[in-house]
1. Could you state the number of Å between the C-alpha centres of the stretch 140-171 and the stretch 35-89?
2. Tell me the label-point distance for the pair LEU160, GLN99, using the 7 Å Cα-to-Cβ offset, in nm and rounded to one decimal.
3. If the elastic network links every pair of Cα atoms under 10 Å, which of ILE113, ILE40, ILE289 fluctuates the most in the Gaussian network model of the chain?
4. Based on DSSP H runs of at least 4 residues, each adding -39500 (n - 2.57), what is the mean residue ellipticity at 222 nm of the chain after dividing by all its residues, to the nearest 500 deg cm²/dmol?
5. Step through the residues of the stretch 35-48 one at a time and calculate ³J(HN,Hα) from phi using the Karplus curve (6.51 cos²θ - 1.76 cosθ + 1.60, θ = phi - 60°), rounding each to whole Hz and writing x for Gly and Pro.
6. Using R₀ = 30 Å, calculate the FRET efficiency as 1/(1 + (r/R₀)^6) where r is the Cβ-Cβ separation of ASP75 and ASP41; round to 0.05.
7. 5 Å is the cut-off here: which amide hydrogens, built 1.01 Å from N in the peptide plane, fall below it relative to ASP78, excluding neighbours closer than 5 in sequence?
8. Among (1) 1.05; (2) 1.30; (3) 1.24, which one is Cα Rg over 2.2 N^0.38 Å computed from these coordinates?
Amino acid sequence: MKHFLAKRAVSSAISLLLLIVAVFFLSRLTGDPTDLYLPIDASQEARDNFRALHGLNDPLITQFGRYVLDLLRLDFGDSIRRAQPALGVVVQAFGWTLQLAAITMLIVTVGAIVLGSLAAFRVGGVFDRIATFCSLIGAAAPDFWIAIVAIVVFSLGFGLVPTSGTGTALHWVLPVAVLSIRPFGLILQVVRGSMINALGSAYVKTARAKGVAPRAMIFVHALRNAMLPVITVIGDQAAGMLNGAVVVETIFGFPGVGKLMIDSILQRDFTVVLAAIMVTAFAIFLMNILIDLAYAALDPRIRY
């Protein structure tokens with residue numbers, strides 16, 4: 001296991017380095033921050049001082065080398081717009097995204113596993129058809145369209161929930177609901193397919209012949225062996241949310257890392273963009289490690 005974790009750490013570090021190189025140079029194509037933060041009639045001296053203050057006078061390769069050296073000292077630089085450490089700005093926004101992702105995935109995972117298992121128990125029945133139909137629509141529906149319709153209907157139409165913000169529990173209802181629809185549909189379909197295979201296996205047929213209760217047969221005997229592909233999909237969806245639910249966070253004005261990245265790109269706040277990429281990539285790396293450990297816990301046949 002230690003050898004496996006070491007290999008994963010090395011491969012993740014290489015991927016992260018390549019990502020930093022790409023983001024560092026591509027972000028500079030958005031333009032000079034001086035044109036955005038200083039008045040149009042600012043003097044050349046003021047422009048030179050601004051560039052020198054933020055290390056923008058040097059050639060790009062020099063800027064990149066200095067940035068890498070600072071990273072080795074765990075110095076992510078300061079935000080140009082906020083005049084604060086970039087890492088602190090990102091961690092604060094990432095906390096909001098982490099809360100949103102955790103609440104959403106908890107609801108989605110429990111609901112999809114229960115409903116998908118029940119749908120698989122009687123394939124072709126009324127409940128199975130309804131669950132399959134709804135999950136397919138949810139998996140195919142675009143987030144931005146659902147978010148806009150939800151605001152028009154539930155916020156502007158009925159006035160049940162706020163349109164944006166995070167002040168109260170009601171502010172979380174629409175972002176969580178909209179963000180849940182797609183992963184719920186995908187996970188439910190995977191649970192249903194995996195459970196159909198598990199319920200048709202010999203050990204489940206033996207349990208049924210012994211008179212085991214349907215609830216125990218589904219959630220005790222079959223579910224554990226059906227969980228490996230389900231965990232993969234759950235991990236992919238969770239990683240996608242940690243990567244920033246950009247559309248949902250932007251539409252609902254949710255102060256997460258996805259919205260922060262979009263705002264920072266528009267504001268040419270390069271250090272915040274890079275810090276957000278690094279924090280998110282590290283979180284996804286940890287998520288993948290946890291998924292691999294879950295595989296080993298569920299199936300003792302797996303050896304790394």
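Throughout, read-outs are computed from the coordinates displayed, never taken from laboratory work. Given the structure is predicted, the values throughout are model-derived calculations rather than measurements. Because the Cβ atoms are built from the backbone with ideal geometry, glycine has one as well, and the counts that use them run over all protein chains shown.
1. Each part's Cα centre sits 38 Å from the other's.
2. 2.3 nm
3. The residue that fluctuates most here is ILE40.
4. -23500 deg cm²/dmol
5. 5, 8, 9, 10, x, 4, 8, 5, 6, 5, 5, 5, 5, 5
6. So the FRET efficiency works out to roughly 0.30.
7. Answer set, sorted by chain and number: ALA86.
8. (3)
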